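Colleague: Mind looking over this structure? Questions follow.
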């Protein structure tokens, strides 16, 4: 049995792993490369395998760096089943349609042919077959699969694959509990091999109580200055989590009511999907729903759909909060607000998610004083804040705790989905604390299991 690391190896994006059992070839994830011009170009490269020979694909969750090349896989001849949870399928349909439009704009800039068309998106979604958590299924006679709750985003999974007498566990992206709405990450007992994310392998998030207090103080500061709080947020999870916590702060009178603008049609659509799946919520969120209340609505929350409405936000006086995509400031409406407001010292920019190297979001998180937005130089006079514990990814202690729950022995751990410094730090910690052989695979490396 062999595994080839076709993406997210010594980097965060492009999750794509090929497993060849000798009888069956299947993939775990098929994501876009993101973060730089070179990464964008890499998406147009051929797959390292013949898509027509792939028997099936399993998806950990619906973030684009895990699903963004699925329509290309279809375009190149893949016709197998795609396995996921039901929420992941619904989110995938939404996000792949949006990504297709973004890529069609990008192709002109890169002077390339379209990566794929909307018809490829539609046809690839037809290949999905969905399963509930803990529902075992067998795509082939030599393989049995169980999906566990990763607690990362709604419908996200840890994939347990039993191949004959051996078990491989793919962590996907592990969540950062406790967080609003989502249940905590599941622990798995047995594995021979683990393919594990390491996004925050060298970092420790601030505690959840401190996170809420910091958000409260940032809002209070914005109100006092009559300024603007900009929050670049991913349409999936981060936006819903921020809405939840803003609603809680306002309803408990911890902050004064302040206009909040969700300037992202994609996030608004994703929130509507969220509402359809209360069975995936944690106990606290479930109780709120049962009481007839909603954490997706509160006074002064404004959902902004059209570009004209988005432009009108800038004409409104502060204080106000603007939540818009994209989460790493690589596109979307947040760019227009950053271009308009970052030079204003009464503005605060709050970073709440992981920022890939080479992105504008990473530059702002690292407190750059001069940036370029849509070709225009912008002097940054805004206050730049980061709350890393809003990230959907587990930090180093939580990653180590997740590993500690496995029964020994585990033959080997492969660290993926992290920058080299994060992978290296986590590798040494795992080997020191758990004594498990841990390895950092290189891009396109094939390992015999």
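The values are calculated or read from the model by the stated rules, or taken from the named source; none is laboratory data. This is a predicted model, so every value here is computed, not measured. Because the Cβ atoms are built from the backbone with ideal geometry, glycine has one as well, and the counts that use them run over all protein chains shown.
Per-residue answers, yes or no, for (1) at negative phi; (2) in the same structural domain as residue 40 (by TED's automatic domain parsing); (3) buried (at least 21 other Cβ atoms within 10 Å of the Cβ):
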position: 328; (1), (2), (3): yes, no, yes
position: 340; (1), (2), (3): yes, no, no
position: 349; (1), (2), (3): yes, no, yes
position: 355; (1), (2), (3): yes, no, yes
position: 362; (1), (2), (3): yes, no, no
position: 367; (1), (2), (3): no, no, no
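Colleague: Can you go through 188, 153, 158 and tell me which one is crowded, with 16+ Cβ neighbours inside 10 Å and part of a strand (DSSP E or B)?
Modeller: 158
Colleague: Of all residues in segment 411-435, which are assigned to a loop (DSSP other than H, G, I, E, B) and in contact with a helix residue (DSSP H, G or I) (Cβ under 8 Å, 6 or more places away or on another chain)?
Modeller: Matches in segment 411-435: 418 only.
Colleague: On to the next question. For segment 384-423, enumerate the residues that are without any contact (Cβ under 8 Å) to a residue 60 or more places away in the chain and either assigned by TED's automatic domain parsing to the domain that holds residue 14 or closer than 13 Å to residue 196 by Cα (or both).
Modeller: Within segment 384-423, 400, 401, 404, 408, 409 meet the criteria.
Colleague: Being in contact with a strand residue (DSSP E or B) (Cβ under 8 Å, 6 or more places away or on another chain), closer than 24 Å to residue 418 by Cβ and free of Cβ contacts under 8 Å to residues at least 12 places away in the same chain is the filter here, so list the residues in segment 346-383 that pass it.
Modeller: 363
Colleague: Check every one of the strands (runs of 3 or more DSSP E) wholly within segment 306-407 and list those with 2 or more residues that are under 17 Å from the mean Cα position of the chain (by Cα), modelled with pLDDT of 95 or more and over 24 Å from residue 178 (Cα atoms).
Modeller: Of the strands (runs of 3 or more DSSP E) lying wholly inside segment 306-407, none has at least 2 residues that are under 17 Å from the mean Cα position of the chain (by Cα), modelled with pLDDT of 95 or more and over 24 Å from residue 178 (Cα atoms).
Colleague: If only one of 201, 227 is modelled with pLDDT of 90 or more and within 23 Å of the chain's Cα centre (by Cα), which one is it?
Modeller: It is 201.
Colleague: Please tell me if residue 195 is outside any loop (DSSP other than H, G, I, E, B), surrounded by 19 or more Cβ atoms within 10 Å (Cβ to Cβ), in contact (Cβ under 8 Å) with a residue 60 or more places away in the chain and under 22 Å from the mean Cα position of the chain (by Cα).
Modeller: Yes: the conditions hold for residue 195.
Colleague: Name the residues in segment 13-32 that are touching a strand residue (DSSP E or B) at 6+ places or on another chain (Cβ under 8 Å) and part of a loop (DSSP other than H, G, I, E, B), would you?
Modeller: 13, 14, 15, 21, 23, 24, 29, 30, 31
Colleague: Moving on. Residue 38 fails exactly one of the following numbered conditions: (1) outside any loop (DSSP other than H, G, I, E, B); (2) touching a helix residue (DSSP H, G or I) at 6+ places or on another chain (Cβ under 9 Å). What is the number of that condition?
Modeller: Unmet for residue 38, out of (1) outside any loop (DSSP other than H, G, I, E, B); (2) touching a helix residue (DSSP H, G or I) at 6+ places or on another chain (Cβ under 9 Å): (2).
Colleague: Filter segment 390-401 down to the residues that are crowded, with 22+ Cβ neighbours inside 10 Å and touching a strand residue (DSSP E or B) at 6+ places or on another chain (Cβ under 8 Å) and list them by number.
Modeller: Selection gives 391, 393, 394, 399.
Colleague: Can you tell me which of (1) free of Cβ contacts under 8 Å to residues at least 40 places away in the same chain; (2) touching a helix residue (DSSP H, G or I) at 6+ places or on another chain (Cβ under 6 Å) is the one residue 167 doesn't meet?
Modeller: Among (1) free of Cβ contacts under 8 Å to residues at least 40 places away in the same chain; (2) touching a helix residue (DSSP H, G or I) at 6+ places or on another chain (Cβ under 6 Å), residue 167 violates only (2).
Colleague: Determine which single condition residue 111 fails, assuming it passes every other condition in (1) under 27 Å from residue 447 (Cβ atoms); (2) out of contact with any helix residue (DSSP H, G or I) (no Cβ under 7 Å at 6 or more places or on another chain).
Modeller: Residue 111 satisfies every listed condition except (1).
Colleague: For segment 125-142, does any single residue satisfy the condition of being outside the structural domain of residue 273 (by TED's automatic domain parsing), under 21 Å from the mean Cα position of the chain (by Cα), in contact (Cβ under 8 Å) with a residue 24 or more places away in the chain and surrounded by 22 or more Cβ atoms within 10 Å (Cβ to Cβ)?
Modeller: Checking segment 125-142: not a single residue is outside the structural domain of residue 273 (by TED's automatic domain parsing), under 21 Å from the mean Cα position of the chain (by Cα), in contact (Cβ under 8 Å) with a residue 24 or more places away in the chain and surrounded by 22 or more Cβ atoms within 10 Å (Cβ to Cβ).
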